[in-house]
Every structure is written in structure tokens, then in C-alpha cells.
Amino acid sequence: MTVESTAARKPRRSAGTKSAASASTTGTKSAASKRAGAAAKKSPGATGGEPELIQLLTPEGERVQDATYDPYIADITSEDLRGLYRDMVLSRRFDAEATSLQRQGELGLWASMLGQEAAQIGSGRATRDDDYVFPTYREHGVAWCRGVDPTNLLGMFRGVNNGGWDPNSNNFHLYTIVIGSQTLHATGYAMGVAKDGADSAVIAYFGDGASSQGDVLEAFNFGAVYNAPVVFFCQNNQWAISEPTERQMRVPLYQRAQGFGFPGVRVDGNDVLASLAVTRWALERARSGEGPTLVEAFTYRMGAHTTSDDPTKYRADEEREAWEAKDPILRLRTYLEAANHADEAFFAELEAESETLGKRVRDAVRAMPDPDSLAIFEHAYADGHALVDEERAQFAAYQASFVDEGGN
């Protein structure tokens, strides 16, 4: 198993296809609707009860049973479990390398996903090849699941490309920097999917901060009114930069779905099995004509919002340490070892693969060209502007002043 083949591979179907692919027949759709209905009845978003956290793997790595969601991971094998663990470990390694590269001046900025691996890998592996994904700018784990080469992500944050991949090759849209706007794009795309009669679904990712944006609420309304096959997947990492969730909303986030007429579910976002199962359920609802679902993955951003942020200014160390004890990777490893799903040889091989990935990422970024510092002045006006021309010349002269006589 090589790192190079990992980046180019198609999403693993074993973690997201078996139950969904069978939904192409009328009989299965009926069964799916019944299961989805049962899950919706259980969902606190449908009943308005106290917050209920869907959890299949405790922070101590113990498997707990859930009659509603267990069927959605009944096909998961030991190999699949190792694959989920591998995905989380390698995506975290990539994320750590990117953070280091930014600190070394190789990237302009980096938005870390540290601590959110289970939510991203679980939901990402729940999708089928023909589903369409709309990310924000932090879904590095989902990009990994969709087969996007991680070095393309780094090229964007280095400023040498505008995304670096063809969205239609992986059904994975380009990263969206404008907060919340991708939810409207996803809803419109899902409405088109429904009109085409396609047996696929759309999933839109956003954070708790974005949930306060008008675009997101408009997307909820359009999705509900047009019964669009879209899953709204909110990674609630509890901090919208420095703004905690209690200053953003008065009710648990998933309960917002009630006002728009579709179910909402809160899942333990540090539990990869629960994230996988709940997302499968939500996607199955969408494919079966049951309309949208809001999935709130309750997780935690262990690092900074971006590398330009200092979370120690607004967040207590005790809070971070408490969530580090719920680490999603450690949780799954504990379960793998206790249930004999993996041995030391597997972990040793994965460690070596992680080192290979780290080197490949570092080498790839350092081989990239420097971004064109004057490109910022292009397309400011359709027909050009004298002031912009003057500013460009001034900046070019400023940049040239750093070149010494030796041309360095």
C-alpha cells in the first residue's frame, strides 16, 4: 500500500456503498424510507427533546449498541475499520505537515482540522462516487476520502493555483472561502439532481459559525420546500474563531432543522463509526426522496482556527485538555486493539506510510513555484485603472528592493 496510490484512488466503496447502492430498486427504497422514518422518530431534532448524542464508540474505545444506527454499519469489516483508522492517521499527518510548512513560510495560511478527523472521515466514507460534495476550506479529510491529491490543497494555500483539481473528476467541489455560500450551491445542485431523477445525493459541509449566516438558513428553507436530496453536515467544533456557540444560538444547533420541517441529529463527531452510520442514514433518506437532513457533528477544534489565530487568547487550556482525552484516533485505536482488529505490524506499517506521506508533502510544496505577487492587481477592474497600475508599479519596486547585487 503506497501513499501515491492513496491520493489517486477512488473513494472506498466498502464504507459507503453496500446499503446505498441497493437503493436503486423500488422495494429497497421503501425499506429505506421505513428505516429513515424510524431514525427520524428517534432523532431529537424530530421530537424536540433534550440533546441526544448518537454514539457507537465511547471515548474509552468501547463499542456501544444502537438499534437505530447499528444497521448502517453492519457490513463494516475488520479491514474497513483499519481503513478508517488509516484515513484518520494519514489525514492528521498531512494536516500537521501543512501547519509546519506554513510556519516555515511555505504557505500563506492554513486552516487545521486537528481533532475533527472522525467527523470528516466517517462522513466522507459514507458517500458514494456519484454523490456530490460541497466543502468549506477545512475539509482536508473529506478531500482525502474523495481521492483529491493533498498537494493540490497546499498549492491553493500557497497561492499557486485556484483549487488545483477538477471538481467533476471527484464530485468534490473546490474549497469555498466565503462563509456559508456553498450550502446554497449544494441545495441548488441537489434540486437539479432531483429534477434529473438521479439516484444520488449531495452533502454540504459547514461549521457552527457558518450556521449563523443567512445563506445557510436560506439553503435550509430551499432544501425543505423543494425536498432536495441534500445533507447539511455541520462540524460544530464549538468555536467560530473566538466566538463560542453559546453566543451564537439559544438552542442546540441540530434543533434548528425543526423550524424548516426536516430532521436534525447530533452525532458524536469524535466517533468515526457514529459519524459514518448517521451520515449513511441521512444520505439514504436523501436518495429515497425523504428530503434534507441536518447532521450536527459535535466535535472540537484542538488547534487554532487558522495559523493566523492564537486560541490561547480566548480558550482555556483545561478545555482543550479535556477534549484531547476524547481524541478520535486514540479512541479507534483502543477499540482496534481490544477487539483484535489490528496488530502491531499494522500500526508499524502505517507509521512508515505516514513518514512517507510527510516527506512527499514537504518535497512537493518546496518544489512549487513562488506565487506571482503581482497577480493580486489583475482583474481588479474589467478595463484596467490608472490607480491600480500605479500601485502595481510601486509594489513591484518594493519587491525588487529585496534583491541584492548577487540576484538573491
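The values are calculated or read from the model by the stated rules, or taken from the named source; none is laboratory data. As the structure is a computational prediction, the values presented were derived from the model and not from experiment. In this analysis, Cβ positions are derived from the backbone assuming ideal geometry, glycine residues included, and neighbour counts consider all displayed protein chains. SASA here: full protein model, heavy atoms, side chains in, ligands and nucleic acids out. Shrake-Rupley method; radii C 1.70, N 1.55, O 1.52, S 1.80 Å.
Test MET88 against the criterion of being in contact with a His (Cβ under 6 Å, 6 or more places away or on another chain) and either open to solvent by 10 Å² or more (accessible area, probe 1.4 Å) or modelled with pLDDT of 95 or more (or both), and give yes or no.
no
Restricting to the range 358-369, and then to whatever is loosely packed, with under 14 Cβ neighbours inside 10 Å and touching a residue at least 12 places away in the same chain (Cβ under 8 Å), can you tell me which residue is farthest from GLN394 (Cα to Cα)? Walk me through it before giving the result.
Filtering the range 358-369 down to residues loosely packed, with under 14 Cβ neighbours inside 10 Å leaves 359, 363, 366-367, 369.
Adding the requirement that they be touching a residue at least 12 places away in the same chain (Cβ under 8 Å) leaves 366, 369.
Working: ARG366: 28, PRO369: 23 Å.
Among residues in the range 358-369 that are loosely packed, with under 14 Cβ neighbours inside 10 Å and touching a residue at least 12 places away in the same chain (Cβ under 8 Å), the one farthest from GLN394 (Cα to Cα) is ARG366.
Got a number for residues in the range 129-172 being under 13 Å from the mean Cα position of the chain (by Cα) and among the basic types (Lys, Arg)?
Residues in the range 129-172 being under 13 Å from the mean Cα position of the chain (by Cα) and among the basic types (Lys, Arg): 2 in total.
Evaluate the following for SER308: is it modelled with pLDDT under 95, in contact with a Lys or Arg (Cβ under 8 Å, 6 or more places away or on another chain), surrounded by fewer than 20 Cβ atoms within 10 Å (Cβ to Cβ) and within 29 Å of PHE94 (Cβ to Cβ)?
no
Residues to consider are GLU390, GLU318, GLU355; find the one that is over 30 Å from GLY105 (Cβ atoms), open to solvent by 80 Å² or more (accessible area, probe 1.4 Å) and in a helix (DSSP H, G or I).
Only one candidate passes the filter, namely GLU318.
Can you find a residue in the range 178-194 that is buried (at least 20 other Cβ atoms within 10 Å of the Cβ) and more than 22 Å from ALA286 (Cβ to Cβ)?
no
Counting only residues that are assigned to a strand (DSSP E or B) and open to solvent by less than 20 Å² (accessible area, probe 1.4 Å), which one in the range 281-298 is farthest from ALA194 (Cα to Cα)?
ALA297
Is it the case that some residue within the range 47-57 is open to solvent by 60 Å² or more (accessible area, probe 1.4 Å) and either of a type in the set (A, V, I, L, M) or at pLDDT 95 or above (or both)?
Yes, some residue in the range 47-57 is open to solvent by 60 Å² or more (accessible area, probe 1.4 Å) and either of a type in the set (A, V, I, L, M) or at pLDDT 95 or above (or both).
Is there a residue in the range 241-250 that is modelled with pLDDT under 95, of a type in the set (S, T, N, Q) and either in a loop (DSSP other than H, G, I, E, B) or under 17 Å from SER288 (Cα atoms) (or both)?
Checking the range 241-250: at least one residue is modelled with pLDDT under 95, of a type in the set (S, T, N, Q) and either in a loop (DSSP other than H, G, I, E, B) or under 17 Å from SER288 (Cα atoms) (or both).
Checking ALA126 against (1) under 13 Å from the mean Cα position of the chain (by Cα); (2) open to solvent by 10 Å² or more (accessible area, probe 1.4 Å), only one condition comes out false. Which one?
Among (1) under 13 Å from the mean Cα position of the chain (by Cα); (2) open to solvent by 10 Å² or more (accessible area, probe 1.4 Å), the lone unmet condition for ALA126 is (2).
Here are some conditions: (1) free of Cβ contacts under 8 Å to residues at least 24 places away in the same chain; (2) within 19 Å of LEU53 (Cβ to Cβ); (3) part of a helix (DSSP H, G or I). THR312 meets all but one. Which one does it not meet?
If we test THR312 against (1) free of Cβ contacts under 8 Å to residues at least 24 places away in the same chain; (2) within 19 Å of LEU53 (Cβ to Cβ); (3) part of a helix (DSSP H, G or I), just (2) comes out false.
Restricting the search to the range 308-342, which residues are over 21 Å from THR58 (Cα atoms) and not hydroxyl-bearing (Ser, Thr, Tyr)?
ASP309, ASP310, PRO311, LYS313, ARG315, ALA316, ASP317
Which numbered condition trips up THR77, out of (1) buried (at least 17 other Cβ atoms within 10 Å of the Cβ); (2) within 30 Å of THR334 (Cβ to Cβ)?
Answer for THR77: the failing condition is (1).
I'm trying to understand the selection: among the residues of the range 151-172, which are touching a His at 6+ places or on another chain (Cβ under 7 Å) and surrounded by fewer than 24 Cβ atoms within 10 Å (Cβ to Cβ)?
Once the filter is applied, which keeps residues that are touching a His at 6+ places or on another chain (Cβ under 7 Å) and surrounded by fewer than 24 Cβ atoms within 10 Å (Cβ to Cβ), the range 151-172 yields only PRO167.
In the range 332-352, how many are farther than 27 Å from LEU154 by Cβ, in contact with a helix residue (DSSP H, G or I) (Cβ under 8 Å, 6 or more places away or on another chain) and either open to solvent by less than 30 Å² (accessible area, probe 1.4 Å) or not in a helix (DSSP H, G or I) (or both)?
3
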